[in-house]
Structures are given as C-alpha cells and as structure tokens.
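Written out below as structure tokens is the structure these notes cover.
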Amino acid sequence: MFFLNTSKTYEPEIIINPNTRKIDIPEELYNIGVVADDNAEMVNIRIPRYFDGCDLSTRRCTISYNNALKERGVYTVNEIKIENDSLLLSWYISKFVTKKSGKIYFVVEFKKDMDERGRAYSWSTLPAELNVMAGLDDNLVIDESDLSLYRSLLSHIQATDRRVTGLIEQIGNITQPSVNLDLLNSQIADLQSNVNFIKESAAYIDGRQTVNEEVI
C-alpha cells in the first residue's frame, strides 16, 4: 500500500459517512460499467481519515462485494491518497464485478489484526448498490464441470420425485397385506441417499470460493 499527497481536478466521488455507516453514491456513478469491463473504470471513494480516535490510514482497507451472479469477491484497496483529513480510496472495477449485468452490492471495510490497544480491529459500512449494464453479448458461459453437475443433480431430483410419488401410493395402502414392509423400508433408505446427494450438491453450488482479486 502507498499513500500520495496530491490534488487533482474534481471527479464524482462516492462518499462514506462513518457515523451512519451509509455510502452516498452520486447518480452519475450508479451505472458502474458494462459487462466484461476489466479495470477500465476507477471509482473514487472518500471517507474521513479519523473515526472515534482511530486513524483509518493505518488499517487495511478492502471492498467486499456480491456481483449480479451473487458471487462474493474481495478487492484489496492498494491505492489510498491522504488529502487533509480524509482518505481517497481508488477501486478499479474488475471483470469479476462486471461478470453479469445487474445490481451489485458492496461494503467498505477497515481491519487490523492488532491495533494500538492490542486488540483486533474491524469496521464496516452498510451495504450499498451499484449497477452493471448489459453488453452486446451478455450470455453466461457455464463451466463444463458445472454443467455435468447440474445434469446429474437434475437427474437425481427427477428420480427422487418419482420415488416419492410411488412411496406415497404404497403408504396409502399400508394396511393391505400385499404391502412388503421390508421393500418399503429399503426404498425409503434409497430415497434418503438421493436426498443426501442433492443436499451435498446444492451445498457445493452455493458454497463456492470467494474471489480474492489480485492487487492492481
């Protein structure tokens, strides 16, 4: 991380109020870019340097976001300018942010493993919203391994649905002597196995790794 004491021509800035934790986004910055943009847009975010006696310039600053696909990413702010009693953070909007058109949500965080009091420090804003605009071709390309998983998961869901229907019919006739209880128990165990597979697959899909962007 490096700090610069410079001045420049005014550009629209996102403003953070540390007391309310709210992020004020100018109208002209709401549409942050177009799908597939990569480091083509740099957003300035201003925050007071001092908050509750803490010098935020001594903390590590990150921007955590969910893109329009609801994938989590973390951007480490590597360029911070000290201007009087405020900090100007530079956020380069990457292809992870613009992966899909739609709304993205982000927070700005300051952290330190051990502060001047000998304690861990963590501070965050409230979530704010930006928008990624659609490009000429906004089709999502699914990874082949993911496509195989989706097909397998769909097959198991369809098979489970058919078995549930069959079991419901057998349970309705459970008082009849012709019902084989051992077979019914075996089918229930098989059904539970399918349900467990679906749960594990869904957890894999939902629990993908957070993208930690490389430092610009």
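For the cross-link pairs K22/K100; K81/K111; K81/K103; K70/K95; K70/K99, which exceed 22 Å when the distance is taken from alpha carbon to alpha carbon? Kindly include the intermediate steps, with their values, before the conclusion.
Numbers: K22/K100 25 Å; K81/K111 18 Å; K81/K103 28 Å; K70/K95 14 Å; K70/K99 10 Å.
Flagged as over cut-off: K22/K100; K81/K103.
Listed highest first by mean packing, meaning other Cβ atoms within 10 Å per residue, what order do 104-112, 58-66 come in?
Working: 104-112: 19.2, 58-66: 17.7.
Result, highest mean Cβ count within 10 Å first: 104-112, 58-66.
None of the figures in this text is laboratory data; all of them are computed from the coordinates on show. The structure presented is a predicted model; accordingly, all values stated were derived computationally and were not measured. Because the Cβ atoms are built from the backbone with ideal geometry, glycine has one as well, and the counts that use them run over all protein chains shown.
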